[in-house]
Amino acid sequence: MDNGIKCCALCTVPITPDIDSDEHVIPASIGGRWVVRGFICKSCNDEGGLTSEAEISNRFGWFSLTAGIKRESGKKAPRPIIMKTDDGKKVLLKPNGVIESWERTLEKIPTDDGRLLISGTRPSMNELREMLSGLKRKHPDIDIESAIGNARVEASYKPITHNFGGFGSDAFWRSVVKTVCAVAWSLELNEQDCEVAVNYLRKGEGKPFNLFYGRDVILNRPMDQLFHCVSLRSDNERNLLLGYVEYFGVFRGVVMLSDSYKGGDVDRTYAVDPVLGKEIDLTVDLHLSDQEVDQFQDGAILNGENYLAAFEQSIAIALSLSEKSKLDMAINSAVDKVCNDMGIQSEQEIAPEQALEFSRRIAEAMAPFFLDRIRAKHFTFD
């Protein structure tokens, strides 16, 4: 606009201070940190959070939970997701790859002597305590602490099947296109500079995006680190403005922002480690050949081997991060339990005569964790 006020990239309403919004370039739901303003209005931001950003969160839920992404202060942790073991039983995947049973049962059996035998299962001690507290309101004679003391903890380590799905929904790609446009707006580009992408966002015209697995455009890819990346580059000889987006190393896509770009040189890359919450330095080669541009416009550049390799590498990294977190939690939990059972204070030095028994109990408490190390996980790909 002539008065210097920008219009919303989605609905064209002038963005005045009272309707401006903080838009995460990379969705906060998967660990994004960078925020831009003067890009979309509050109404569009709120609507996008319920649709396209929710789709991103759902699509990458396994990675967010397994790797244990660190979200901004004040942001809720990723929601647990329900998965199934190979024998069809439901389990709950929680942050840092913690898996709990989804099974919840409750059975009340009257006995011959007039008592009531209550039997049930819950996925955690917290839920067991909540269940018993609820029952105590109807049955005051229940001894909650005694019941918890008699509870058996059973660990089951069965193969888990997870289908990651694909990247084909309109809501998913709207979020991706919006991400590259947000970077463009941060560079003081506008809708005339990004006419192809903006027309898609506003009118649903065309398909200015596609998967890109023909080659690895990240020249210094970390082999032991998960990251998100968004990169913009102009090709002034061919009047192109291109964007590249990568999430968790598995999703890799290219976006055509403009095929008639006449602005200045653009070369901007932003990447963040969602586990550490820190920006990282990556070099992205978006110098697409004429053949790659033609292929991209005709359809996805999909090399099956590269596609599977991307998933395998990222899954391995996520599981490795999960193992480290679960090892720390298992050790802390075992030490707390054994110290409590043996009456040892947290800062107290273990007496020589207690050392052998302490070690034996630690090994016993850690047994479920050791069993977990040898369980199999199965994944399917679309």
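Between A365, A376, A318, A330, the distinction of being crowded, with 16+ Cβ neighbours inside 10 Å, among the aliphatic types (A, V, I, L, M) and at pLDDT below 85 belongs to A330 only. M256 meets each of the listed conditions (1) in a strand (DSSP E or B); (2) surrounded by fewer than 23 Cβ atoms within 10 Å (Cβ to Cβ) apart from (2). Within the range 56-70, restricting attention to residues that are surrounded by fewer than 24 Cβ atoms within 10 Å (Cβ to Cβ) and free of Cβ contacts under 8 Å to residues at least 60 places away in the same chain, the residue that is farthest from E100 (Cα to Cα) is S57. Of all residue pairs spaced 6 or more apart or on separate chains, those with beta-carbon atoms under 6 Å, a first member in the range 349-365 that is closer than 14 Å to D336 by Cβ and a second member that is not in a helix (DSSP H, G or I) are F358/I350.
The number of residues in the range 261-273 that are in contact with a Ser or Thr (Cβ under 6 Å, 6 or more places away or on another chain) and either within 16 Å of G249 (Cβ to Cβ) or in a helix (DSSP H, G or I) (or both) comes to 1. Checked against the criteria, K84 does not count as within 34 Å of the chain's Cα centre (by Cα) and at pLDDT 80 or above. Where residues in the range 218-246 are over 20 Å from the mean Cα position of the chain (by Cα) and of a type in the set (A, V, I, L, M, F, W, C), which of them is surrounded by the fewest Cβ atoms within 10 Å (Cβ to Cβ)? Among them, the one singled out is L219.
A Cβ distance below 7 Å, combined with a sequence gap of six or more or placement on separate chains, defines the contacts here; from the range 318-329, residues that are closer than 16 Å to L371 by Cα reach residues that are outside any helix (DSSP H, G or I) and β-branched (V, I, T) in the pairs K326/V98.
Of the numbered criteria (1) of a type in the set (K, R); (2) in a strand (DSSP E or B); (3) within 30 Å of R174 (Cα to Cα), the one K75 fails is (2). Return a yes/no flag: does the range 299-306 have any residue that is more than 24 Å from N220 (Cα to Cα) and without any contact (Cβ under 8 Å) to a residue 40 or more places away in the chain. Looking for residues that are more than 24 Å from N220 (Cα to Cα) and without any contact (Cβ under 8 Å) to a residue 40 or more places away in the chain, one finds none in the range 299-306, hence no. Condition check: assigned to a helix (DSSP H, G or I), farther than 30 Å from L240 by Cα and among the aliphatic types (A, V, I, L, M). Does L276 satisfy that? No; evaluated as a whole, the condition is false for this residue. If you take the residues of the range 142-178 that are assigned to a loop (DSSP other than H, G, I, E, B) and small (G, A, S), which of them is modelled with the highest pLDDT? Among those residues, the one meeting the criterion is S169. State whether the residues of the range 194-217 include one that is modelled with pLDDT of 90 or more, polar (S, T, N, Q), outside any strand (DSSP E or B) and surrounded by fewer than 16 Cβ atoms within 10 Å (Cβ to Cβ). Yes; the residues of the range 194-217 include at least one that is modelled with pLDDT of 90 or more, polar (S, T, N, Q), outside any strand (DSSP E or B) and surrounded by fewer than 16 Cβ atoms within 10 Å (Cβ to Cβ). When residues in the range 124-141 are screened for being modelled with pLDDT under 85 and outside any helix (DSSP H, G or I), 3 of them pass.
The values are calculated or read from the model by the stated rules, or taken from the named source; none is laboratory data. Because the structure is a prediction, the values reported are computed rather than measured. Heads up, the Cβs are rebuilt from the backbone with ideal geometry, glycines too, and the neighbour counts pull from every protein chain shown.
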